[in-house]
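The values are calculated or read from the model by the stated rules, or taken from the named source; none is laboratory data. What you see is a predicted model, and the numbers here were worked out from it, not measured in a lab. Backbone-built Cβ (ideal geometry, glycine too); neighbour counts: all protein chains shown. What goes into the accessible areas is simple: the full protein's heavy atoms, side chains included, and nothing from ligands, DNA or RNA. Shrake-Rupley method; radii C 1.70, N 1.55, O 1.52, S 1.80 Å.
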Amino acid sequence: MMSNSFFNFKQFSISQDKSAFKVGTDGVLLGAYADVKNATQILDIGSGTGLIAIMLAQRCEAEITAIEPDYESYIQTCENVALCRWDKRIKIIHTNLQNFKHESRKFDLIVSNPPFFNDSLKNPDARKSAARHNDSLSSADLLEGASKLLDEDGRLQVIMPYIEGNILIAEASGYSLFCNSILKIKPSPTAEIRRLIMSFSRARNKAAESFLTIEHGKRHEFTEEYIVLTKDFYLKF
């Protein structure tokens with residue numbers, strides 16, 4: 001997580017002084033890993049700073065819709081998108097998923113780095129609390145919204161902590177969405193799996209598993225696989 005008011009990437013910069021949700025490794029991972037192949041319409045649920053929407057715009061030619069319920073974060077997304085070279089393909093809407101209405105065709109790809117702490121102690125700052133807890137976007141809200149908005153052959157890709165991710169996989173079948181692939185992410189070789197990037201679709205296929213380790217034993221000594229995944233974005237690679 002970065003505490004600076006801005007974060008520079010190779011082809012764009014992200015200001016984060018207004019957004020309740022700052023630039024972090026989770027967002028970068030999802031933005032770099034999400035399967036954009038053949039996607040023409042993408043929805044980013046909970047845009048925060050606009051990071052993931054901008055990363056996906058850099059990676060493909062799709063039209064991208066980013067929705068954000070927190071007003072200050074919505075303004076931040078608008079500012080960051082306006083300054084990037086792909087702004088004509090990114091539409092930002094101030095709304096939550098529950099009230100989002102999409103009048104045109106459905107989405108080939110839906111991505112989200114959702115709030116995920118169910119029972120942990122909440123931040124006294126209401127906006128920061130909403131960004132990190134699922135009161136404003138429960139797993140049921142996410143799955144119900146995705147099931148309505150996904151194209152028949154579309155994909156939902158989500159990054160979550162290990163426990164919450166496995167719960168989401170179990171719940172998804174109730175919305176006719178099934179996990180087809182899981183990327184299991186560890187911060188270091190000896191650490192436990194901390195994050196999952198899951199891909200859901202309407203197809204009942206056996207989930208393919210893959211693994212990613214971010215660092216070698218020492219901090220900031222990144223693995224080759226992590227460098228390859230993020231090298232188009234991070235200045236340090």
Across the range 1-112, qualifying lysine pairs (alpha carbons under 26 Å, at least 8 places apart or different chains) come out at 18
Full-extension gain in nm, LYS218 to LYS37, via 0.36 nm per residue minus C-alpha separation:
61.7 nm
Can you give the accessible area of MET198 in Å² (nearest 10), computed on protein heavy atoms with a 1.4 Å probe?
0 Å²
About the Cα centre, and with charges only on the beta carbon of Lys, Arg (+1) and Asp, Glu (-1), how big is the dipole of the chain? Nearest 20 debye, please.
340 debye
Where both residues lie in the chain, what percent of DSSP beta bridges are antiparallel, nearest 5?
40 percent
The chain: longest segment with zero exposed GluC sites (Glu not before Pro), where exposed means DSSP loop plus at most 12 other C-beta atoms within 10 Å, is residues 104-191
With every protein chain left in place, what is the accessible area per residue of the chain in square angstrom, probe 1.4 Å?
49 Å²
For the chain, which whole-number percentage of the solvent-accessible area (1.4 Å probe, protein heavy atoms only) is attributable to carbon and sulfur atoms?
50 percent
Under unit Cβ charges (Lys, Arg +1; Asp, Glu -1), what dipole magnitude, rounded to 20 debye, does the range 1-65 have relative to its Cα centre?
160 debye
Among ALA146, ALA34, GLY174, pick out the residue whose Cα is farthest towards the positive end of the charge dipole of the chain, where Lys and Arg carry +1 and Asp and Glu carry -1 on C-beta, about the Cα centre.
ALA34
Per the C-alpha gyration tensor (a ≥ b ≥ c, the square roots of its eigenvalues), the chain is rounded if a/c is under 1.5, else prolate if a/b beats b/c, else oblate; here it's rounded
Rounded to the nearest 5, the percent of DSSP beta bridges in the range 1-113 running antiparallel is 20 percent
Segment ILE163-GLU72, extension gain: residue separation times 0.36 nm, minus the distance between their alpha carbons
29.8 nm
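With r as the distance between the Cβ atoms of ARG105 and GLU171 and R0 = 25 Å, compute the FRET efficiency 1/(1 + (r/R0)^6) and round to 0.05. The partial results should precede the final answer.
Working: r = 27 Å, r/R0 = 1.06.
According to the calculation, E is roughly 0.40.
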Contact order relative to length for the chain, counting C-alpha pairs under 8 Å separated by 6 or more residues, stands in percent at 16 percent
Value of relative contact order over the range 25-125, rounded to a whole percent, pairs C-alpha under 8 Å and six or more apart:
33 percent
